[in-house]
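The values are calculated or read from the model by the stated rules, or taken from the named source; none is laboratory data. The shown structure was predicted, so the numbers you read here are calculated from the model rather than taken from an experiment. Every residue, glycine among them, receives a Cβ derived from its backbone with ideal geometry; neighbour counts consider all protein chains shown.
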């Protein structure tokens, strides 16, 4: 049996045709060129920012590895995928907002 799903719209997700999405620019991830903080420090900062976004009345949030410069070309390592997964799971478990993840490197498989 094959099931097809219709694309979800902003109204489906947010109950309105428009939404205010807050961006969390993560600290440099451990292992990146600028990374000097522990993963826990990155998580703690991101969670604090997510709480501020929620308190300010935003409808959703997006996390991004903005400070992992220089950006890799096309492929990121498993450490980036793992770190982004742990960070997003921690935020998702604490904050009830819809969220997205952007991995800067053009690696659509991550």
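Looking at segment 40-52, I want the residues that are touching a residue at least 60 places away in the same chain (Cβ under 8 Å) and at negative phi and have a partner that is in a helix (DSSP H, G or I) and buried (at least 16 other Cβ atoms within 10 Å of the Cβ) with Cβ atoms under 7 Å, at least 6 apart or on another chain. Which pairs are those?
none
If you take just the helices (runs of 4 or more DSSP H) that sit entirely in the chain, which of them hold at least 2 residues that are modelled with pLDDT under 90 and surrounded by fewer than 13 Cβ atoms within 10 Å (Cβ to Cβ)? Full working, then the answer.
Working: elements: 10-14, 39-55, 78-94.
By residue number, 10-14.
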